[in-house]
Amino acid sequence: MESVVEVKGLFTRFGSTMVHQGIDLSVERGEILSLVGGSGSGKTTLLRQMLGLETPCRGEVRVLGENLHGRNPAVLQRLRNRWGVLFQEGALFSALTVFDNVALPLRELRTLDEDIIRDLVLMKLEMVGIGARHARKVPAKLSGGMVKRVALARALALEPELLFLDEPTAGLDPDRSESFVKLIEELRRELSLTVVMVTHDLDTLVALSSRIAVLFDGKLVVLGTLREVVRSRHPFIVNFFLGERGRRALETVWNTLGIGDTSAAPAPTGSA
Ligand SMILES: Nc1ncnc2c1ncn2[C@@H]1O[C@H](COP(=O)(O)OP(=O)(O)O)[C@@H](O)[C@H]1O
Ligand SMILES: [Mg+2]
């Protein structure tokens, strides 16, 4: 298998706080790797490390075979055109129309003429289920779910191999969240994307993850499939997955997880 992202012995420090204390992780081509952990555990910072936006105080991060902190700054610039990013906040430029938001990364290439850009933008918008009639709107005229879709279209504008998502379903109601999850899964299949995602939404996590990495106290305490993660008895995981919300999210997949402890099983639905 080919590792698309490799994190080795990573330490990240902010002042006197050591956010990451020896993280080893690799992301294989084609998978959806989810990062979970408590608030402030360093999930966003780990994504930022994978984007070359933070500097390790020890260890290294390699993406698509390149060391992000090597000597050649052109390497990072080239890599930026091979990944897409959807961050939680500041998804779109509010002064630009939907069309111009998605066109931005294409125009920055300075190699495409406007006719081609137009076709590409409309194609990307269609891909995420946004009709051409919305192209001239500004983001304030869109619902939260549509803003996310447009931001995803922009992240996919340069046809990346790798997609980074930070809390992609945060702030969406359950229906919108579910359809956004379906969209990500469809796009991953169609475009052969590798996805690294931060989420604390259990439904999103269960629906999408090939593997899950759990951050706690600066380290990855578990890294594995949902089944492997749920079977670990780490207190954070017990709390996170086997609380009431977790059990509800796991209900549909519970029987496939092979967890012996029936006292932790979700209550059967429909019982009086
Ligand atoms: N630029 C920064 N300067 C100082 N501290 C930071 C910075 N970015 C993040 N931190 C701190 O690092 C820790 C991890 O932050 P973050 O990665 O955002 O956590 P998470 O995404 O898991 O909630 C937090 O304690 C946060 O306050
Ligand atoms: Mg975060």
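Pull out all pairs, ordered by first then second residue, where Cβ-Cβ is under 6 Å, the residues are six or more apart or on different chains, the first lies in the range 160-173 and is more than 20 Å from residue 27 (Cβ to Cβ) and among the charged types (D, E, K, R), and the second is in a loop (DSSP other than H, G, I, E, B) and more than 12 Å from ligand 2 (Cβ to nearest atom).
Note: no pairs meet the criteria.
Tally time: how many residues in the range 1-36 are within 16 Å of ligand 2 (Cβ to nearest atom) and either polar (S, T, N, Q) or farther than 18 Å from residue 184 by Cβ (or both)?
Final tally of qualifying residues: 7.
Is the range 76-90 home to any residue that is closer than 18 Å to residue 160 by Cα, in a loop (DSSP other than H, G, I, E, B) and away from ligand 1 (no atom under 16 Å from the Cβ)?
Yes, the conditions are met somewhere in the range 76-90.
On the given criteria, is residue 59 free of Cβ contacts under 8 Å to residues at least 40 places away in the same chain, surrounded by 14 or more Cβ atoms within 10 Å (Cβ to Cβ), small (Gly, Ala, Ser) and out of contact with any Ser or Thr (no Cβ under 7 Å at 6 or more places or on another chain)?
Details: free of Cβ contacts under 8 Å to residues at least 40 places away in the same chain: no; surrounded by 14 or more Cβ atoms within 10 Å (Cβ to Cβ): yes; small (Gly, Ala, Ser): yes; out of contact with any Ser or Thr (no Cβ under 7 Å at 6 or more places or on another chain): yes.
No; evaluated as a whole, the condition is false for this residue.
Would you please list the contacts, defined by Cβ atoms under 8 Å and residues six or more apart or on different chains, that run from a residue in the range 119-130 that is under 13 Å from residue 151 (Cα atoms) to a residue that is outside any helix (DSSP H, G or I)?
121/135; 121/157; 124/156; 124/157; 125/131; 125/135; 127/156; 128/156
Kindly list the number of the only condition in (1) within 16 Å of ligand 2 (Cβ to nearest atom); (2) crowded, with 19+ Cβ neighbours inside 10 Å; (3) farther than 25 Å from residue 131 by Cα that fails for residue 169.
(3)
Determine the pairs where a residue that is closer than 17 Å to residue 83 by Cβ, located within the range 38-50, has a partner that is among the β-branched types (Val, Ile, Thr) and within 9 Å of ligand 2 (Cβ to nearest atom) with Cβ atoms under 9 Å apart, the partner being 6 or more residues away or on another chain.
Sorted first by the residue in the range 38-50, then by its partner, the pairs are 44/198; 46/198; 47/198.
Of the residues that make up the range 137-149, is at least one farther than 22 Å from residue 166 by Cβ, out of contact with any Phe, Trp or Tyr (no Cβ under 6 Å at 6 or more places or on another chain) and surrounded by 14 or more Cβ atoms within 10 Å (Cβ to Cβ)?
yes
Within the set of pairs 6 or more residues apart or between chains, which connect a residue that is modelled with pLDDT under 90 inside the range 82-98 to a residue that is of a type in the set (Val, Ile, Thr) with Cβ atoms less than 6 Å apart?
Partner pairs satisfying both residue conditions: 91/147.
Inspect all residues belonging to the range 82-95 and state whether any of them is more than 28 Å from residue 7 (Cβ to Cβ), over 23 Å from the mean Cα position of the chain (by Cα) and of a type outside the set (A, V, I, L, M).
Within the range 82-95, none of the residues are more than 28 Å from residue 7 (Cβ to Cβ), over 23 Å from the mean Cα position of the chain (by Cα) and of a type outside the set (A, V, I, L, M).
Of the conditions (1) on the phi < 0 side of the Ramachandran plot; (2) among the small types (Gly, Ala, Ser); (3) surrounded by fewer than 21 Cβ atoms within 10 Å (Cβ to Cβ); (4) in contact (Cβ under 8 Å) with a residue 24 or more places away in the chain, residue 213 clears all except one; give me its number.
(3)
Here are some residues: 128, 61, 98, 150. Which one is touching a strand residue (DSSP E or B) at 6+ places or on another chain (Cβ under 7 Å) and of a type outside the set (Lys, Arg)?
61
What residue, of 232, 192, is among the small types (Gly, Ala, Ser), surrounded by 14 or more Cβ atoms within 10 Å (Cβ to Cβ) and more than 16 Å from ligand 2 (Cβ to nearest atom)?
Values: 192 fails: surrounded by 14 or more Cβ atoms within 10 Å (Cβ to Cβ).
The unique qualifying residue is 232.
Of all residues in the range 99-116 being farther than 23 Å from residue 170 by Cβ and of a type in the set (Val, Ile, Thr), which is modelled with the highest pLDDT?
116
Which numbered condition in (1) within 16 Å of ligand 2 (Cβ to nearest atom); (2) over 23 Å from residue 167 (Cα atoms) is the only one that residue 39 fails?
Failing condition for residue 39: (2).
The values are calculated or read from the model by the stated rules, or taken from the named source; none is laboratory data. Here the structure is a predicted model, which is why all the values come from computation and not from measurement. Note: ideal-geometry Cβ built from the backbone for every residue, glycine included; neighbour counts use all protein chains shown.
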